[in-house]
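Data block below; observations after.
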Amino acid sequence: MLEDTSFAIHPGNNPNLSETPYQDIGNIKHVEKDEERYTFYCENGYVTVTFNRADIIRIVMNPTDVPSLKSTPAVITQPETVHKELREDNEAYVISTSHLDAYIQKAPFRVRIQDKEGHTIASEQEKGLGFQENGEVICYKDMQEQDRFYGFGEKTGFLDKRGESYTMWNSDVFAPHNPETDPLYQSIPYFMSLRDGRAHGIFFDNSYKSTFDMKTETDHYSFRAEGGQLDYYVFIGPSPKDVIEQYTHITGRMPLPPKWSIGYHQSRYSYQSEQEVREVANTFIEKDIPIDVLYLDIHYMNEYRVFTFDKDQFPTPEKMIQDLKNAGIRVVPIVDPGVKKDPEYSIYQEGVREDHFCKYLEGDMYTGDVWPGESAFPDFTDERTRKWWGEKHQYYTDLGIEGIWNDMNEPAVFNETKTMDTNVMHKNDGDPQTHRALHNLYGLMMGEATYEGMKEQLGGKRSFLLTRAGYAGVQRYASVWTGDNRSFWEHLQMALPMCMNLGISGVAFSGPDVGGFAHDTNGELLTRWTQVGAFTPYFRNHSALDTARQEPWQFGEKYEAIIRDYIQLRYQWLPQLYSLFREAHETGVPVMRPLMLEYPHDEKTYQLYDEFMIGDNTLIAPIMHPEVTDRAVYFPEGTWVDYFTGEEYSGKQTHLIHAELDKLPIFIKKGSFVALSPVRQSTMNKQDSLILHVYANDEGEYKTMFYDDDGETYQYEGEESLKLPITISSTSAEVNIAFGEKQGRFNPSYQHVDVYVHSLQDNQAITLNGEKVTGERSGQSVHFQAKL
Ligand code: GLC
């Protein structure tokens with residue numbers, strides 16, 4: 001391929017870098033106002049300003065028409081009634097809500113949004129809103145020297161995206177992901193910006209190919225799209241967590257996942273027969289390595305026909321699935337969108353007869369090559385087709401399946417453009433549009449079809465969906481794995497900022513293929529990667545055809561023992577993680593967090609990509625280089641306790657930490673606690689007790705909500721849950737553990753709590769709800785039992 005050689009930088013290839021200038025929207029001529037919106041009639045088009053909440057402003061520009069307020073399917077909430085006022089002087093209109101003031105300059109149209117204390121949140125001066133003849137729309141915003149950028153969904157590179165430019169166009173990228181590989185599978189046209197410790201967010205709700213440029217100019221950044229309206233929301237923060245709450249208020253939050261889906265998952269492209277699947281399952285059990293899920297990749301199907309099994313290799317799928325479930329393991333099959341073009345295949349027949357497949361305007365069906373060869377693609381933009389596809393999943397649920405893996409749903413097609421012809425015309429629920437306009441929505445809509453279908457079929461049980469492609473809002477339906485990475489140390493390193501930025505982008509349930517998908521892994525890399533995986537929200541080991549097998553035991557006893565320890569550690573941490581999933585479900589704030597999210601005023605955290613937090617009090621600083629056993633760890637304010645050794649580190653500084661291969665550096669903030677459980681082979685096994693590890697401090701108070709429920713139904717939406725506020729108050733004389741009033745009717749399998757208080761000073765007493773407890777003391781720790 002010529003573009004892979006020096007030919008790529010042939011002087012004659014240089015593209016014309018001088019861009020045609022954008023046409024500015026121009027001066028305001030007049031404003032029209034109704035209940036919800038203000039529409040500014042400008043010299044060169046129209047701009048509507050409206051509010052979804054007092055802290056969420058929406059701006060829509062259309063060069064040719066009064067803007068439509070129709071959103072992409074990413075947006076699910078109706079705007080609230082917002083009290084607002086409009087003032088006007090010679091230069092500007094000012095629209096005010098209880099949370100913000102929007103200054104709208106008249107000549108030319110420019111917007112400056114301020115909070116009530118007068119901090120500028122987002123502003124435009126020299127350049128503002130514009131467009132081009134060819135339909136492109138653009139927005140420029142001022143950028144200050146200290147501005148940082150996060151989010152943008154699934155992107156390579158470091159944590160802070162300043163100095164980068166990103167394109168949104170869902171793409172299947174098997175080639176090695178490197179720092180300039182862009183775009184990948186997901187398009188989340190949203191970011192959060194941090195300025196002097198205050199955050200705001202922008203969501204550009206446009207499903208055309210779009211670009212965010214924080215690189216080309218020093219005092220502006222821009223976002224633009226190939227077509228459609230310039231439709232964006234500004235979330236005014238002021239804390240990074242507020243921004244995530246605001247963004248996920250608009251695009252939705254993840255449903256509480258079934259507990260089994262936050263256990264350990266094992267996959268391979270492919271486990272090729274029932275016998276092989278059973279052998280893998282048995283080996284996990286024999287070796288005491290906890291596991292909840294095994295995957296069936298494309299070889300389970302009859303020549304890659306979705307909704308079929310290969311009867312030779314999988315003669316009794318129902319029995320296999322049931323036997324595995326009895327052993328605590330769920331089976332999740334892959335389901336791709338491509339339906340094999342085969343007149344004797346019932347899904348294809350139905351799809352054609354009932355008009356479910358994507359077509360050109362002229363009426364011809366679109367087909368493209370994927371695993372099964374020539375295939376048709378369901379038009380998920382249409383409600384009728386989503387329903388059809390969802391109902392088809394009864395095939396799987398009848399076999400006892402409760403989770404589905406959606407892959408190749410960018411959609412990926414084996415051709416030059418890597419996807420569907422952009423001229424295909426989607427039905428789009430009565431508003432037909434081309435694939436060019438809707439490409440980035442295909443994975444999201446497939447996710448909706450699958451999630452809703454599974455929910456319906458499972459009649460009250462939670463399902464699990466894993467997806468490769470998506471758009472803003474994907475968190476409502478699916479967890480996301482980061483696609484075809486490789487068994488490179490660099491890809492382990494890259495996974496951290498990628499998942500942290502996905503979390504900032506509303507996707508709290510994500511993770512990379514542990515061990516690496518392509519290329520051969522090795523014992524050391526798999527071990528270090530499993531340590532990280534034990535704390536990424538989604539935890540799956542997956543690898544490709546013709547690569548070294550990478551189940552936990554493949555590299556000998558030395559590695560196996562450590563890998564087992566960390567998978568077991570994951571199971572110990574499940575109650576803590578589940579409480580954090582509950583928080584993400586209710587507020588959008590992710591499970592896995594960059595330190596910046598907790599310490600937005602600490603500049604040292606702004607680019608920290610190789611450490612992360614689990615919740616607000618646990619710091620994970622993995623080793624991600626071969627044969628390295630020491631690393632620098634930055635600790636934010638407070639004192640931090642090594643989870644394994646009890647050693648203490650003072651914050652606001654960097655310490656050198658030693659970690660042999662068997663050690664993942666984990667630190668808990670003094671004054672707080674974590675809620676764990678005994679190890680189990682599967683989440684299907686009963687949890688006998690709850691274990692609180694409290695880390696005594698000599699001052700301060702830590703408050704959080706412990707959460708639990710049955711982990712498998714939707715009854716938590718009623719009263720069947722347990723919410724227990726827990727407060728740890730420390731003074732030099734005493735540590736008090738206070739269990740607040742329980743809410744909800746859920747009765748967990750454990751009836752008592754084993755409390756361990758660590759890092760105690762010699763004279764520090766322990767009280768439980770104010771009553772003195774003695775307990776058994778060993779060194780600086782005390783253990784006692786409390787009733788729940
Ligand atoms: C794609 C997926 C990968 C899967 C393979 C075969 O490459 O990203 O995870 O194993 O297809 O289905």
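Descriptive notes on the structure:
- Here the Karplus curve 6.51 cos²θ - 1.76 cosθ + 1.60, taken at θ = phi - 60°, turns the phi angles of the stretch 611-621 into couplings of 9, 8, 10, 10, x, 9, 9, 10, 10, 10, 10 Hz, with x standing for Gly and Pro.
- Prolate/oblate/rounded call for the stretch 143-194, Cα gyration tensor, a/c under 1.5 rounded: prolate
- Pairs from the table (K33/K161; K215/K604; K604/K663; K84/K241; K141/K703) lying more than 27 angstrom apart at Cα are K33/K161; K141/K703.
- Database remark: amide H of H220 closer than 5 angstrom to the amide H of M143 (H placed geometrically; neighbours at sequence offset of 5 or more, or on other chains; Pro and chain starts carry no H).
- By DSSP, the beta bridges lying fully in the chain are antiparallel in about 80 percent of cases.
- Over the chain, DSSP H runs of length four or greater, each weighted -39,500 (n - 2.57), average out per residue to a 222 nm ellipticity of -5500 deg cm²/dmol.
- Residues F535, F284, F784, arranged from fewest to most other Cβ atoms within 10 angstrom of their Cβ, appear as F784, F535, F284.
- Charging the Cβ of each Asp and Glu at -1 and of each Lys and Arg at +1, and nothing else, the dipole of the stretch 444-525 about its Cα centre rounds to 360 debye.
- Phi-derived couplings, Karplus 6.51 cos²θ - 1.76 cosθ + 1.60 at θ = phi - 60°, listed residue by residue for the stretch 454-463: 5, 4, 4, 5, 7, x, x, 8, 6, 10 Hz, with x used for Gly and Pro.
- Amide H contacts of N485 (H built 1.01 Å from N, under 5 Å, at least 5 apart or other chain): D513, F517, A518
- Relative contact order of the stretch 157-291, pairs being alpha-carbon contacts under 8 Å that are 6 or more residues apart, as %: 19
- Cα-based shape type of the stretch 217-319, given that a ≥ b ≥ c are square roots of the gyration tensor eigenvalues and the cut on a/c is 1.5: prolate
- Between the stretch 730-788 and the stretch 301-349, the Cα center-to-center distance that results, in Å: 50
- Taking θ as phi - 60° and the Karplus parameters 6.51, -1.76 and 1.60, the scalar couplings of the stretch 530-540 work out to 5, 4, 5, x, 4, 10, 7, x, 9, 10, 9 Hz in sequence order, x denoting glycine and proline.
- Candidate aspartates and glutamates for bridging to K359, where Cα separation is under 19 Å - those fewer than 8 sequence places away on the same chain excluded: D336, D342, E350, D369, E374, D379, D382, E383, E410, D421, D429, D431
- Estimated inter-spin distance, I9 and T727, nm [label 7 Å along Cα→Cβ]: 6.3
- Projecting the Cα atoms of S187, Y269, Y233 onto the charge dipole of the stretch 187-338, computed from C-beta unit charges around the Cα centre, puts Y233 farthest toward the positive end.
- Gyration tensor (alpha-carbon) shape descriptor, the chain, a/c threshold 1.5: oblate
- Qualifying lysines (Cα of each under 21 Å from Cα of K311; at least 8 residues distant if same chain): K319, K325, K340, K341, K392
- The spacing between the stretch 85-113 and the stretch 147-213, judged by their C-alpha centroids, is 29 Å.
- The stretch 699-782: relative contact order as a whole-number percent, Cα under 8 Å and 6+ apart: 26
- Remark: for residue pairs K70/K116; K155/K209; K387/K455, the C-alpha separation exceeds 18 Å in K70/K116.
- For G403, nonlocal amide neighbours, meaning residues 5 or more places apart or on other chains whose placed amide H falls under 5 Å from its own, are F464.
- Here the contact order of the chain, divided by its residue count and restricted to Cα pairs under 8 Å and six or more residues apart, works out to 10 percent.
- Among M61, H83, Q125 - extreme Cα towards positive end, dipole of the stretch 7-126, charges at beta-carbon: M61
- Sorted by Cβ density within 10 Å, fewest first, the residues S98, S267: S98, S267
Laboratory data are not the source of any read-out in this text; all were calculated from the coordinates shown. Source: prediction; values computed, not measured. Don't worry about glycine lacking a Cβ; one is built from the backbone with ideal geometry, like all the others, and counts go over all protein chains shown.
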